[in-house]
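The values are calculated or read from the model by the stated rules, or taken from the named source; none is laboratory data. Treat the numbers as computed from the prediction; the structure is a model and nothing was measured. Ideal geometry is used to build each Cβ from the backbone, glycine not excepted, and the neighbour counts take in all protein chains shown.
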């Protein structure tokens, strides 16, 4: 690619001293972060080709994408896929997003196995859910099938769905008070199904709690 021109000035921006305006042949070309200036060794009188300009633009996109990703991670841990989706929603190019995610993985800031483990532990500590609901939450969070399956097998090896369904039912029973037995049965089944319990567990719990419905 041919030469675009020469950098005639690199000036700090008035609104943000950590960002700089690059002028090529006396005309404003683009604004970039101080880190990009340093990393690429940009300085006045330096010739700029089309390829170099594309590199500068790409590095600026990477810088901004990484800032956005780190802001998201400040709120809570996230899977690689969730971060990818969020960065794409912010219109960062796929190549810049890929570079950022790879870098964050290298730094240990994105770790899907650890994220999945924390999510499962949090869910089982705070809620009474069936395994299907837990797996669904992992998948919605962007955890891959392999990582989700391995995490479920490791973390939920001794998970007692019947006990969890019974605990969920105990908290729900007050909503069923005064309803006809058949309506109690249907509502309880629907409630436990929404919480991810299999029909075998639902049937067992229903019979033990609402035995009068079977009469």
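Exactly one residue among 150, 94 is in the same structural domain as residue 56 (by TED's automatic domain parsing), surrounded by fewer than 17 Cβ atoms within 10 Å (Cβ to Cβ) and modelled with pLDDT of 95 or more, and that residue is 94.
What helices (runs of 4 or more DSSP H), lying completely within region 15-92, carry at least 2 residues that are over 27 Å from the mean Cα position of the chain (by Cα)?
On the way: elements: 34-40, 50-75, 80-89.
Where helices (runs of 4 or more DSSP H) fall fully within region 15-92 and carry at least 2 residues being over 27 Å from the mean Cα position of the chain (by Cα), they are 34-40, 50-75.
Against the numbered list (1) farther than 22 Å from residue 79 by Cβ; (2) within 34 Å of the chain's Cα centre (by Cα); (3) assigned to a loop (DSSP other than H, G, I, E, B), residue 167 comes up short only at (3).
Per the listing 103, 78, 99, the residue uniquely in contact (Cβ under 8 Å) with a residue 40 or more places away in the chain and surrounded by 14 or more Cβ atoms within 10 Å (Cβ to Cβ) is 78. Taken over region 137-156, the criterion of being outside any helix (DSSP H, G or I) and either within 15 Å of residue 122 (Cα to Cα) or free of Cβ contacts under 8 Å to residues at least 24 places away in the same chain (or both) is satisfied by 141, 156. Among residues of region 14-27 that are at negative phi and assigned by TED's automatic domain parsing to the domain that holds residue 57, those with a Cβ under 8 angstrom from a residue that is assigned to a loop (DSSP other than H, G, I, E, B) and surrounded by 11 or more Cβ atoms within 10 Å (Cβ to Cβ), sequence gap 6+ or separate chain, pair up as 19/13; 20/13; 21/13; 22/42. Name every residue in region 177-193 that is free of Cβ contacts under 8 Å to residues at least 24 places away in the same chain and either on the phi < 0 side of the Ramachandran plot or in the same structural domain as residue 134 (by TED's automatic domain parsing) (or both), in order of residue number. 177, 179, 180, 183, 186, 187, 188, 189, 190, 191, 193 - these are the residues of region 177-193 that are free of Cβ contacts under 8 Å to residues at least 24 places away in the same chain and either on the phi < 0 side of the Ramachandran plot or in the same structural domain as residue 134 (by TED's automatic domain parsing) (or both). Here residue 128 meets each of (1) in a helix (DSSP H, G or I); (2) within 30 Å of residue 210 (Cβ to Cβ); (3) touching a helix residue (DSSP H, G or I) at 6+ places or on another chain (Cβ under 7 Å) with one exception, condition (1). Only a single criterion out of (1) assigned by TED's automatic domain parsing to the domain that holds residue 123; (2) in contact with a helix residue (DSSP H, G or I) (Cβ under 7 Å, 6 or more places away or on another chain) is not satisfied by residue 136, namely (2). When restricted to residues that are exposed (fewer than 15 other Cβ atoms within 10 Å of the Cβ) and closer than 14 Å to residue 7 by Cβ, region 51-62 contains 1. Scanning region 172-188 for residues that are assigned to a helix (DSSP H, G or I) and more than 14 Å from residue 206 (Cα to Cα) turns up 174, 175.
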